[in-house]
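Asks: First, the structure itself, so that you have it in front of you.
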Amino acid sequence: AKIECSQMLLGAKQKNKFPSCTTSPNVLIPITIATKRPMTAHSNNIQFPQYLTRYSLVYCAYLITAWLGLSVPFVSDKVTLFWLPSGISVAALFRWGWKIIPAIFLAAFTINVLKGADIIAGFIIACGNSLGPLVAASLLKQWRCDLIHLQKYTALKLIAAAILGTLISALIGA
C-alpha cells in the first residue's frame with residue numbers, strides 16, 4: 001500500500017493533484033517524505049568540523065587585524081587609534097551567536113600576551129575585548145536590527161550598540 005500511495009503521490013505531484021491514499025476504505029495512511037533539514041547558523045546540532053572552521057576563521061581574522069591595528073601605533077606599541085577586531089567580533093557574534101566567544105577570547109588573550117602583557121593583564125583585557133562585542137551583538141539581536149536593509153532607526157540602534165560595546169571594552173582593561 002505504501003508503494004502504491006507513493007507512486008500515486010508522485011504521479012499526483014506531476015498533475016498537481018493530491019489523492020488520498022488508503023489501504024482500506026476506512027483507514028488513511030499519512031505519507032511523510034523525510035528530508036534532511038539544511039544546517040543553519042543557529043542550529044543546535046552543528047557538527048564539530050563546522051565549529052572548528054568557524055573558530056579558526058574568527059581566531060585568525062582577529063589576530064591578523066589586531067596585528068595590523070597595533071602595527072600603526074598611536075602612543076605606544078600597545079595603543080592604536082582603530083581596532084578592527086571589535087567589528088569582526090560583533091559580526092561573528094551576530095551571525096553565529098554566543099558560542100563563538102571562546103575563539104574571540106583566545107585570540108584577544110593571544111595578541112595581548114604576544115605584545116608583552118603579562119598573563120593576568122592579558123586575561124583581563126581579553127575579558128573586556130570579548131564582553132564588549134558580546135553586549136553589542138546581543139543588543140543588536142534584542143533590538144531586532146535588520147542590518148541588510150539599513151534604515152534610520154536601525155542605523156541609530158547600530159551606533160548605540162557600538163558605543164555601548166566599545167565603552168565596555170574600554171572600561172575593562174583595554
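The values are calculated or read from the model by the stated rules, or taken from the named source; none is laboratory data. Note that this is a predicted model, so its numbers are computed, not measured. Please note: Cβ atoms are built from the backbone with ideal geometry, for glycine as well, and neighbour counts cover all protein chains shown. Note: areas computed on protein heavy atoms with side chains; ligands, DNA, RNA excluded. Shrake-Rupley method; radii C 1.70, N 1.55, O 1.52, S 1.80 Å.
Asks: With 10 Å bins from zero, work out the P(r) of the range 75-129 over every alpha carbon pair and list the percent per bin.
Replies: Bins of 10 Å from zero give 24, 52, 22, 2 percent of pairs.
Asks: Let me ask you something else. Could you work out what % of the accessible surface of the range 95-174 is carbon and sulfur, using a 1.4 angstrom probe and leaving DNA, RNA and ligands out of the count?
Replies: Carbon and sulfur atoms account for 73 percent of the accessible area of the range 95-174.
Asks: How big is the charge dipole of the range 79-165 about its Cα centre, in debye rounded to the nearest 20, if each Lys and Arg gets +1 on its Cβ and each Asp and Glu gets -1 on its Cβ?
Replies: 300 debye
Asks: Count the lysine pairs in the range 62-174 whose Cα atoms lie under 18 Å apart, taking only pairs 8 or more positions apart in sequence or on different chains.
Replies: For the range 62-174, qualifying lysine pairs total 4.
Asks: For the range 81-137, what does the accessible surface come to per residue with a 1.4 Å probe? Please give it in Å².
Replies: Here the per-residue accessible area is 46 Å².
Asks: Can you list which of the trypsin sites (Lys or Arg not before Pro) found in the range 85-174 are DSSP loop residues with at most 12 other C-beta atoms within 10 Å?
Replies: ARG144
Asks: Loop only per DSSP, at most 14 neighbouring Cβ atoms within 10 Å: give me the chymotrypsin sites (Phe, Trp or Tyr not before Pro) in the range 71-136, ordered by residue number.
Replies: Passing sites in the range 71-136 are PHE74, PHE82.
Asks: Using the Cα atoms of the range 123-163 to build a convex hull, what is its mean projected area in square nanometres?
Replies: Across all orientations, the range 123-163 yields a mean hull projection of 2.8 nm².
Asks: Rounded to a whole number, what is D in µm²/s for the range 67-166 from Stokes-Einstein with the Kirkwood radius over alpha-carbon pairs (20 °C, 1.002 mPa s)?
Replies: For the chosen part, D equals 150 µm²/s.
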